[in-house]
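Input: a single structure, listed below in C-alpha cells.
Bear in mind these aren't lab numbers, they're just calculated from the coordinates by the rules spelled out. If you're wondering where the values come from, they're calculated on a predicted model, not measured in any experiment. FYI the Cβ positions are ideal-geometry reconstructions off the backbone, even for glycines, and counts take in every protein chain you see.
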Amino acid sequence: MSILPPNQQSNQSRQILKQPKRLKSPKHLAKVASLGCILCGSPSQVHHIRTGQGMGLKASDFDTIPLCERHHTGKEGIHTCGSRVWQMRFGTEIELLEKTRELLDADSRETKIGHLPKK
Ligand SMILES: [Zn+2]
Ligand SMILES: [Zn+2]
C-alpha cells in the first residue's frame, strides 16, 4: 500500500519563495552621484529609496537619488528627519527618482545620435 507524501505541496511553494536579486550597478551609482544633489545641486551621495520595498522587493542600485550630505544624513537629511517628514518637505522619493531618471536621460541624450529631445 502506498501513501502520498504529505509534503508534496510544500515543494512547490519553496520555488516561489526564491529571493529576488538586488540589482547592483556601481556604474549607475557613479552616474547618479555625479548629478549633484537633486534638491540643491551640491556634491552628492547616493541614497537608495525605500518606497516600494517590502512585498519582497529589494532596493536596487537603479532606485537611487543623489542627495548631498545635508539632505541625506545631515541636519535636513532624510535619515535624520525620518522619510515621512522629509518627503512632505522636499517631495516623495518616487518624484525625486523620476527627476533623477530624467536628468540621467538628458545626460545620455547628448551622446546619442538621432534621439530627439522631448518638448
Ligand atoms: Zn542638497
Ligand atoms: Zn540614504
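State to the nearest 20 debye the size of the charge dipole of region 24-114 about its Cα centre, where the only charges are +1 on K and R beta carbons and -1 on D and E beta carbons. Could you put the intermediate results ahead of the total?
Values: 13 positive and 11 negative charges, 39 e Å.
With only Lys, Arg, Asp and Glu charged at Cβ, the dipole is about 180 debye.
Rank the residues VAL46, VAL85 as a footprinting-exposure proxy: fewest other Cβ atoms within 10 Å of their Cβ go first.
Working: VAL46 19, VAL85 11.
Going from sparsest to densest Cβ surroundings: VAL85, VAL46.
Can you compute the FRET efficiency between GLU102 and HIS28 using 1/(1 + (r/R0)^6), with r the Cβ-Cβ distance and R0 = 25 Å? Round to the nearest 0.05. Walk me through the intermediate numbers first.
Numbers: r = 15 Å, r/R0 = 0.60.
For GLU102 and HIS28, the calculated efficiency is 0.95.
Quick check: residue separation of ARG50 and CYS81 times 0.36 nm, minus the Cα distance between them. What number comes out in nm? Walk me through the numbers before you get to the answer.
Working: separation 31, 0.36 × 31 = 11.16 nm, distance 1.45 nm.
Result for the pair: 9.7 nm of gain on full extension.
Taking only pairs that are 8 or more places apart or on different chains, how many Lys pairs in region 24-114 have Cα atoms under 28 angstrom apart?
Lysine pair count for region 24-114: 14.
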